[in-house]
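What follows draws every value from the coordinates through simple rules; no lab data is involved. These figures come from a predicted structure and were not determined experimentally. Ideal geometry is used to build each Cβ from the backbone, glycine not excepted, and the neighbour counts take in all protein chains shown.
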Amino acid sequence: MNKDMKILVVDDFSTMRRIIKNLLRDLGFSNTDEADDGNSALPMLQTGKYDFLVTDWNMPGMTGIELLQHVRADENLKSLPVLMVTAEAKRDQIVAAAQAGVNGYVVKPFTAAVLKEKIEKIFERIDS
Amino acid sequence: MTNESSDKTQLKGFEEKLKDQASQLKDLVDSGDLSGALSIISELDKSRDQTLFEEIGRLTRTLHEAIQNFRVGSDELDLDNSEINDASDRLAYVVEMTNKAANKTLDLVEDTMPYAAKIKLEAKQMAKEWGRLQRKEMTPEEFRDLSVSMADFLGKLSNDSEKVHANLSDILLAQDFQDLTGQVINRVMSLVKEVEDNLVDLVRMAGKVDQMTGITHDLEKENDITKGEGPQMNADARKDVVSSQDDVDDLLSSLGF
């Protein structure tokens with residue numbers, strides 16, 4: 001796993017973005033950017049600068065699941081690894097995220113250990 | 001509701017009358033007495049109308065009472081100063097307080113972490129040097145350097161740990177929002193409960209009018225999962241909601257993840 005990879009953190013609450021950025025920094029990833037919903041995230045992703053997307057689900061404007069669908073439909077972005085970090089906990093929603101092609105799903109409230117485990121698992125699978 | 005028992009008896013009376021007259025109507029039609037049958041029909045119609053008027057009258061009174069219970073002047077709708085508006089302001093205050101507390105805590109944590117990291121790194125280095133000294137692997141020259149850097153380290157450690165302690169105390173204090181926001185939320189919850197009770201009364205009255213007029217409503221619940229619902233309450237008691245990260249992992253692995 002490349003610790004210098006560029007990560008985009010998308011959440012409508014700035015405090016949650018800060019928490020995730022701090023946890024990522026603790027895990028050795030300090031190359032992070034932020035966006036506050038899918039509408040602002042998508043153009044950033046389309047620049048092609050990002051190696052990993054961490055997104056919330058419930059956001060005004062474009063939601064996380066819609067962002068995921070846009071990413072998977074985009075020829076240049078479709079293989080971008082996506083981790084969903086969200087309070088959405090309905091089974092239907094988790095199944096929908098899986099069908100839309102999410103790489104990992106973390107329910108809030110979460111711990112640093114869970115975040116670490118899921119990120120490692122995603123990249124283990126990609127690297128293997 | 002004080003009127004409830006009389007409402008029930010009235011509705012019941014109408015139902016009984018309806019049953020009774022329906023069988024009479026059938027008998028009359030069967031025996032070929034059409035004019036008798038028609039007069040029963042018009043009688044039925046009349047009594048339905050009368051019950052309906054009474055229900056609407058009661059509904060109007062209840063509506064009036066409910067409006068007064070909302071403490072919005074019934075003559076003059078003062079929406080700007082309503083309790084609901086006040087409740088929105090209070091909740092906005094909760095959002096502001098929690099936002100401020102979270103940011104303050106994050107500021108302090110971000111400020112403290114480099115100190116902790118530095119102390120950890122330097123202590124490790126010192127321990128290594130100290131080990132060499134104890135194993136008598138040090139030249140007198142190196143020992144002089146060590147004693148200088150040790151004095152320096154201890155001085156910095158004292159300052160840095162003071163800073164860490166001060167920041168931790170500030171983090172502690174930043175949690176005082178819980179008390180204030182808790183009080184505000186409790187007040188808003190009791191208002192919501194009051195509003196709900198009044199609305200339930202209204203819905204109950206409206207339901208009776210629907211029953212009399214035979215109106216049915218199409219109450220299909222909107223079910224768009226892409227919208228998102230936020231945190232789920234009582235997740236343990238619900239089958240359609242996962243209650244932990246383990247549940248999520250189990251579900252995903254059942255899908256081949």
Inset, instruction - Assign one of three labels to region B:178-257, namely rounded, prolate or oblate, based on the Cα gyration tensor with a ≥ b ≥ c the square roots of its eigenvalues; rounded applies when a/c is under 1.5, prolate when it is not and a/b is larger than b/c, and oblate otherwise. - result: oblate
Inset, instruction - Could you size up the charge dipole of the protein assembly as shown around its Cα centre, putting +1 on the beta carbon of Lys and Arg and -1 on that of Asp and Glu, and report it in debye to the nearest 20? - result: 1720 debye
Legend entry - Fluctuation leader among B:Glu137, B:Glu15, B:Glu229 - chain B, Gaussian network, Cα springs under 10 angstrom: B:Glu229
Legend entry - Local electrostatic count, A:Met16, Cβ distance below 14 Å [Lys/Arg +1, Asp/Glu -1]: -3
Inset, instruction - Give the order of B:Tyr93, A:Tyr105, B:Tyr115, A:Tyr50 when sorted by the count of other beta carbons within 10 angstrom, beginning with the fewest. - result: B:Tyr93, B:Tyr115, A:Tyr50, A:Tyr105
Inset, instruction - Give me a single rounded figure for A:12-21: the average over its residues of other chain Cβ atoms within 10 Å of their Cβ. - result: 3
Legend entry - chain B: DSSP helices with Cα axial extent of at least 24 Å and average Kyte-Doolittle hydropathy no lower than 0.0: B:177-213
Legend entry - Per-residue mean of C-beta atoms belonging to partner chains within 10 Å, peptide A:81-94: 5
Inset, instruction - Please identify, among B:Leu63, B:Leu180, B:Leu146, the residue showing maximal mean-square fluctuation in a Gaussian network model of chain B using a 10 angstrom Cα cutoff. - result: B:Leu146
Legend entry - Size of charge dipole - region B:83-184 - debye, nearest 20, with Cβ of Lys, Arg +1 and Asp, Glu -1, no other charges: 740 debye
Inset, instruction - Pick out, from B:Val209, A:Val85, B:His64, the residue whose Cα sits farthest towards the positive end of the charge dipole of the protein assembly as shown, with +1 on the Cβ of Lys and Arg and -1 on the Cβ of Asp and Glu. - result: A:Val85
Inset, instruction - Given the options B:Thr216, B:Thr62, B:Thr181, state which has the largest fluctuation in a GNM of chain B using a 10 Å cut-off (strictly under) for Cα springs. - result: B:Thr216
Inset, instruction - Report the label-to-label distance for B:Glu162 and B:Ser39 in nanometres (one decimal), using points 7 Å from each Cα along the Cα→Cβ vector. - result: 10.7 nm
Inset, instruction - Answer rounded, prolate or oblate for region A:7-127, using the Cα gyration tensor with square roots of eigenvalues a ≥ b ≥ c: rounded when a/c is under 1.5, else prolate when a/b is larger than b/c, else oblate. - result: rounded
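Please compare each pair in B:Lys104/B:Lys163; A:Lys21/A:Lys49; B:Lys46/B:Lys208; B:Lys17/B:Lys46; A:Lys116/B:Lys239 to a cut-off of 20 Å on the Cα-Cα distance and tell me which ones are over it.
Where the Cα-Cα span goes over 20 Å, the pairs concerned are A:Lys116/B:Lys239.
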Inset, instruction - Just tell me which lysines come within less than 26 Å, Cα to Cα, of B:Lys136; anything on the same chain fewer than 8 places away is out. - result: B:Lys120, B:Lys124, B:Lys128
Legend entry - Relative contact order, percent, chain B [alpha-carbon distance under 8 Å, six or more residues apart]: 26 percent
